[in-house]
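See structure below.
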Amino acid sequence: MKHALVLFGILAAIALAAPSLVVLGYFLLIVPGLILTIAPTMFVYLVATSIIRRTLPIDSSVAATVVAFLIAVLGGCLVMQPFRMRAIANYQTAQQPDVMPDQQIQLTGNVRIEMPSRKLGPACDALCLAALDSPQVDSVTIACIDSQHSSCNQEAGFQLVDANPDSRPGIFPNDPGQIVRHYRPLAKAQVGKKFTSATKAVEAEWALRLCGPQRIRSVVPVDAGSADWTLRIESRRDRDSRFRRVTMTDSDGVVHLRLSYQRQSVPASMFYLGFRCNFSTSMLSSASFGLGRQKLQSGDPTLDPETSWLESIEFSLPTCDLNNIAKLRDQALLVINDPSASEAQLELTRRFLDLFFFDSKEPDHGLIAQIVADKRVTNLDQPLQNLFSKQKTPAAMRDAFAERIVMTHTSTELRYRLAECLAAMPEGTFANPTATHWKIWNTPELRQQTGPFVSRIADAGPQQALPVLLSMLEDVTKIPHWRDRRAMVHGIREAFVQLGPQANTAVQPVTKLFLQRPSPILSNSGDANDWRFTLTRMGVPIEDLPMFPSHSQSTIDRIHRNVADKVRRYEKAQLAPDEA
């Protein structure tokens, strides 16, 4: 008994201290993993057996051990029952019988959709549109319900109305194309690449409708007691439970639809320490021991509340006609070339950009550039965020992005994003910069907000670039916080790297700022080494690079080697494209 206690005590300590070793044990012929998994539980029962055995009036040590072990196991069962029964009672309390309508429900009057709180708040989405587009529906109220903090509940009302095409724009829904994902018949019919095209077609159709003869307007939300139909979507998830439910009731509170899925982990009927592990991207992300649990489950695990609701109601099915995409493109082209286009018509151009998610094709780049460069089109932060990746921005955007940067209504975040895209264009793209490009480089506020694009002034050559770069260096010293000047400093440095020996006249002011304390052009040793590499590119011999008084000779030698290696890698990378 003593030896078993010591053995399992050691194994339990190893398993509890380093749970990842249990996973490793399963990979080593399984048996080591099994032993480490049961070790903590066995140790607990052995300790209990040892204690109980000492109190038993049995002379035989073997018999006393067996009886004590059985009592320990029985005790392990009894001690779990109160916790188990309480958890099962909570599980059963949440259960309600499923209800299915005999035929599809026809929505009328005011519809209220209650759902869990979400990041975007009570916005009109695909579900809202499905209800709004029903001919007998007057309004739809979206309510975001916080089950834990009722004070955080939010709601908004929407109405689909006929309108003059020239009237002001209304509210535009979020991701109307998601109806294809939520409605199973559509999802099954649109597989693979057709699915993406179908969602775009639905979004294009709604754009044409809402910029044409119809508008979604905001109305006073309808409370639960006044709604003709109430849809309630519930969804909760934590480590030990999953709960989803969709309920549809009429104005009298009669339930016409109710479907639920519930899964709950409850304490096991007998005490043991269970092992849990989670994997992320084929790697172990967490491993731990916990109280043994049993999973209880009811309902369909694949239940999707939105899908179930759509399949139970009558609504106008979107056509998913790909011609709508072409129609939207044609309308956007007409509008952007019409100097008298109304605000609602200009909204079409923004909706056209919304169709793209890093998947635009070259034939569309000309129209996209026109839209981006037109100052009448505002609020393009989100469409441009998803239009092109930084490294794959087409050259057609060279001038358009610059025009968008200098517009007064462009946000600081968008300016920086566009500057990153421009900076990633091939070397030489800005060899003949426009007046707009020079405006960015010469305006202190703009060049501070578009730091990455500062580097591309090097394309214009040393004669034009150096005076501006030196002016920028002077401006940098006037910006108090490193976080505000960092991007601009990096852009200046990249420009000097590209200019190379042609920027030799700037070596002295750069060295002066480098050695200044505190230096305005660096914040750590990494920045210092990057500037040493830059000075080397500008023609400073490695042995003449600026060093700090605190550097030892060995540190200086190491820095020299690192800079030399970086120069060799840079030159090799520059030769590679030419050889290709």
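Tell me, which residue of segment 361-380 that is open to solvent by 20 Å² or more (accessible area, probe 1.4 Å) and not in a loop (DSSP other than H, G, I, E, B) is farthest from Glu205 (Cα to Cα)? Walk me through it before giving the result.
Of segment 361-380, the ones open to solvent by 20 Å² or more (accessible area, probe 1.4 Å) are 361-366, 370, 373-376, 378-379.
If we keep only those that are not in a loop (DSSP other than H, G, I, E, B) as well, we get 362-366, 370, 373.
Working: Glu362: 23, Pro363: 21, Asp364: 19, His365: 22, Gly366: 23, Gln370: 22, Ala373: 25 Å.
Applying the filter and picking the extreme gives Ala373.
Sort out which residues of segment 26-40 are over 15 Å from Arg276 (Cβ atoms) and either of a type in the set (A, V, I, L, M, F, W, C) or touching a residue at least 12 places away in the same chain (Cβ under 8 Å) (or both), and write them in order of number. Before the answer, list the steps.
First, pick out the residues of segment 26-40 that are over 15 Å from Arg276 (Cβ atoms): 27-32, 34-35, 39.
Those that are over 15 Å from Arg276 (Cβ atoms) and either of a type in the set (A, V, I, L, M, F, W, C) or touching a residue at least 12 places away in the same chain (Cβ under 8 Å) (or both): Phe27, Leu28, Leu29, Ile30, Val31, Leu34, Ile35, Ala39.
Please determine whether any residue of segment 203-226 is within 30 Å of the chain's Cα centre (by Cα) and over 26 Å from Phe158 (Cα atoms).
The answer is no, given that none of the residues of segment 203-226 is within 30 Å of the chain's Cα centre (by Cα) and over 26 Å from Phe158 (Cα atoms).
I'd like the full set of residues that are more than 31 Å from the chain's Cα centre (by Cα) and open to solvent by 50 Å² or more (accessible area, probe 1.4 Å), limited to segment 229-252.
Ser251, Asp252
So which residues in segment 60-104 are basic (Lys, Arg) and open to solvent by 70 Å² or more (accessible area, probe 1.4 Å), if there are any at all?
If we filter segment 60-104 for residues that are basic (Lys, Arg), which is where we start, we get 84, 86.
The answer is Arg86, and nothing else.
What residue, among those in segment 284-339 that are aromatic (Phe, Trp, Tyr) and within 25 Å of Thr196 (Cα to Cα), is most open to solvent (accessible area, probe 1.4 Å)? Steps first, answer last, please.
Looking only at segment 284-339, we keep the residues that are aromatic (Phe, Trp, Tyr), and these are 289, 309, 315.
Then drop every residue that is not within 25 Å of Thr196 (Cα to Cα), which leaves 309, 315.
Numbers: Trp309: 1, Phe315: 36 Å².
So the residue we want is Phe315.
Checking the conditions here, which among Pro433, Pro444 is buried (at least 19 other Cβ atoms within 10 Å of the Cβ) and in contact with a helix residue (DSSP H, G or I) (Cβ under 9 Å, 6 or more places away or on another chain)? Break it down into steps so the answer makes sense when it comes.
Values: Pro444 fails: buried (at least 19 other Cβ atoms within 10 Å of the Cβ).
On inspection, the qualifying residue turns out to be Pro433.
Failed condition for Ile479, given (1) outside any helix (DSSP H, G or I); (2) among the β-branched types (Val, Ile, Thr); (3) within 30 Å of the chain's Cα centre (by Cα), with all others met?
(3)
Does segment 525-541 include one or more residues that are within 21 Å of Ala495 (Cβ to Cβ), under 36 Å from the mean Cα position of the chain (by Cα), of a type in the set (A, V, I, L, M) and loosely packed, with under 15 Cβ neighbours inside 10 Å?
no
Phe358 fails exactly one of the following numbered conditions: (1) modelled with pLDDT of 90 or more; (2) surrounded by 14 or more Cβ atoms within 10 Å (Cβ to Cβ). What is the number of that condition?
Every listed condition holds for Phe358 apart from (2).
Run down Met407, Met397 and say which single residue is modelled with pLDDT of 95 or more, farther than 24 Å from Glu474 by Cα and either of a type in the set (Asp, Glu) or surrounded by 21 or more Cβ atoms within 10 Å (Cβ to Cβ) (or both).
Within the list Met407, Met397, the selection yields Met397.
The values are calculated or read from the model by the stated rules, or taken from the named source; none is laboratory data. No experiment lies behind these values; they were computed from the predicted model shown. All Cβ positions, glycine included, derive from the backbone under ideal geometry; neighbour counts span all protein chains shown. Protein only, heavy atoms only, side chains kept; ligands, DNA and RNA dropped before computing areas. Shrake-Rupley method; radii C 1.70, N 1.55, O 1.52, S 1.80 Å.
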